[in-house]
1. If Thr244 passes every condition in (1) touching a Gly at 6+ places or on another chain (Cβ under 7 Å); (2) closer than 25 Å to Val50 by Cβ; (3) without any contact (Cβ under 8 Å) to a residue 60 or more places away in the chain but one, which one does it miss?
2. Can you tell me how many residues in region 111-123 are surrounded by fewer than 19 Cβ atoms within 10 Å (Cβ to Cβ) and in contact (Cβ under 8 Å) with a residue 40 or more places away in the chain?
3. Run down Tyr168, Tyr180 and say which single residue is of a type in the set (Ser, Thr, Tyr), surrounded by 19 or more Cβ atoms within 10 Å (Cβ to Cβ) and touching a residue at least 12 places away in the same chain (Cβ under 8 Å).
4. Taking only region 136-168 into account, find how many residues are assigned to a helix (DSSP H, G or I) and among the aliphatic types (A, V, I, L, M).
5. With the structure loaded, tell me whether Leu226 is over 17 Å from the mean Cα position of the chain (by Cα), within 16 Å of ligand 1 (Cβ to nearest atom) and buried (at least 19 other Cβ atoms within 10 Å of the Cβ) or whether it fails that test.
6. Among the residues of region 41-50, is there at least one that is closer than 26 Å to Ser108 by Cα and touching a strand residue (DSSP E or B) at 6+ places or on another chain (Cβ under 6 Å)?
Amino acid sequence: MAVNTNAKSNKQAGRYEGGRQPAALVDYHVHSQFSPDGRSTIDEYCERAVALGLSEICFTDHFDFEPRGGHWYGFLDYERYTEAISRAEARWRGTLAVRKGVELDFQSHYGNQVRDFLAGKEFDFVLGSIHWVDSLSVDSELYDGRSMEEAYGRYFEEAYGAAKTGLYDVIAHLDYIKRYASQVYGEFDFSQFHDQIEAILKVMVENGTGLEINTSGLRGELGETLPGPGIVRLYRELGGELVTVGSDAHCAEHLGSGITEALALLRAVGFDYVAVFHERKPRLLKIEALQRGICARM
Ligand SMILES: [Zn+2]
Ligand SMILES: [Zn+2]
């Protein structure tokens, strides 16, 4: 059984479904050409997933609400995306589970738009991200004339707001700001923002909102996951048990990269299960079984 029976008393446990667990890797953060910066097609990813022996892949193409983002604004064509995922789902059924997710940008002044966007749409999985703060891009504009405390402080306020809405299944790359802010202010030290981050994680635990372990940081200069191990550990200590793993691949070559490292990190800080989603309901897969599956194939 894939249900974490130890977690029955936790609020998050009410949403879990049982089911068979495949002993193969999953990737829950993938951008196809339905994102403005995605370079591979859905079919290319699925073919790569099967070649790698993945059991499940969830596309999480971007939808942004910031008009200053130019062609990023409202780029995702929901109808065509739905058709493409349905075709892939049917083509690979029995070999690879293909899920339809979305990475939805959050800013507190567009909170109602997030709600309106989700109304009447069907997704398996909704990731929440902070890419903009006060309509300033986190990858560059946020730092002009702001101290480190102000920039990180506002970013984490918005992350708190995203968690508080309860609209998202999982918060993506919670400390994403470090990728850019560390180039301006020096290395990110999570303990400086401990109380603010703890407040975000507490709201996530209360709401049953999961935490993503995003492995894109392992591919670049950061050399660590987003969020880093300290935040992942704190989420666990606060009672968090809903975690997903995603490569944030924008091309098929990056699919699945860093997932084994993310699973090892999760085990090291006390998680036994990783979540996958169908129609927005999580199902827990035993990490140990996934790791055994990897060894068996080597
Ligand atoms: Zn993102
Ligand atoms: Zn992404």
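Any read-out appearing in this document is the output of simple, stated calculations on the displayed coordinates, not a laboratory observation. No experiment lies behind these values; they were computed from the predicted model shown. Here the Cβ is made from the backbone with ideal geometry for all residues, glycine too, and neighbour counts use every protein chain on show.
1. (3)
2. Kept after step one, since they are surrounded by fewer than 19 Cβ atoms within 10 Å (Cβ to Cβ), are these residues of region 111-123: 111-113, 115-116, 118-122.
From the residues that got through so far, the ones that are in contact (Cβ under 8 Å) with a residue 40 or more places away in the chain too are 111, 113, 115, 118, 121-122.
Selection size over region 111-123: 6.
3. Working: Tyr180 fails: surrounded by 19 or more Cβ atoms within 10 Å (Cβ to Cβ).
On inspection, the qualifying residue turns out to be Tyr168.
4. Here is the first cut: in region 136-168, the ones assigned to a helix (DSSP H, G or I) are 141-143, 148-165.
Cutting the leftovers down to among the aliphatic types (A, V, I, L, M) gives us 142, 148, 151, 159, 162-163.
Residues meeting the conditions: 6.
5. On the way: over 17 Å from the mean Cα position of the chain (by Cα): no; within 16 Å of ligand 1 (Cβ to nearest atom): yes; buried (at least 19 other Cβ atoms within 10 Å of the Cβ): yes.
Judged against the criteria, Leu226 is not a match.
6. Here is the first cut: in region 41-50, the residues closer than 26 Å to Ser108 by Cα are none.
Checked against the condition, which is being closer than 26 Å to Ser108 by Cα and touching a strand residue (DSSP E or B) at 6+ places or on another chain (Cβ under 6 Å), region 41-50 yields no hits at all.
Yes/no matrix, rows are residues, columns are (1) exposed (fewer than 14 other Cβ atoms within 10 Å of the Cβ); (2) more than 21 Å from Phe34 (Cβ to Cβ); (3) out of contact with any strand residue (DSSP E or B) (no Cβ under 7 Å at 6 or more places or on another chain):
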residue: Gly94; (1), (2), (3): yes, yes, yes
residue: Val102; (1), (2), (3): no, no, no
residue: Asp105; (1), (2), (3): no, no, no
residue: Phe125; (1), (2), (3): no, no, no
residue: Ala151; (1), (2), (3): no, yes, yes
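Condition check ((1) under 26 Å from Leu174 (Cα atoms); (2) within 16 Å of ligand 1 (Cβ to nearest atom); (3) surrounded by 16 or more Cβ atoms within 10 Å (Cβ to Cβ)) across all residues:
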| position | (1), (2), (3) |
| --- | --- |
| Asp37 | yes, yes, no |
| Glu56 | yes, no, yes |
| Phe59 | yes, yes, yes |
| Glu66 | yes, yes, yes |
| Arg80 | no, no, no |
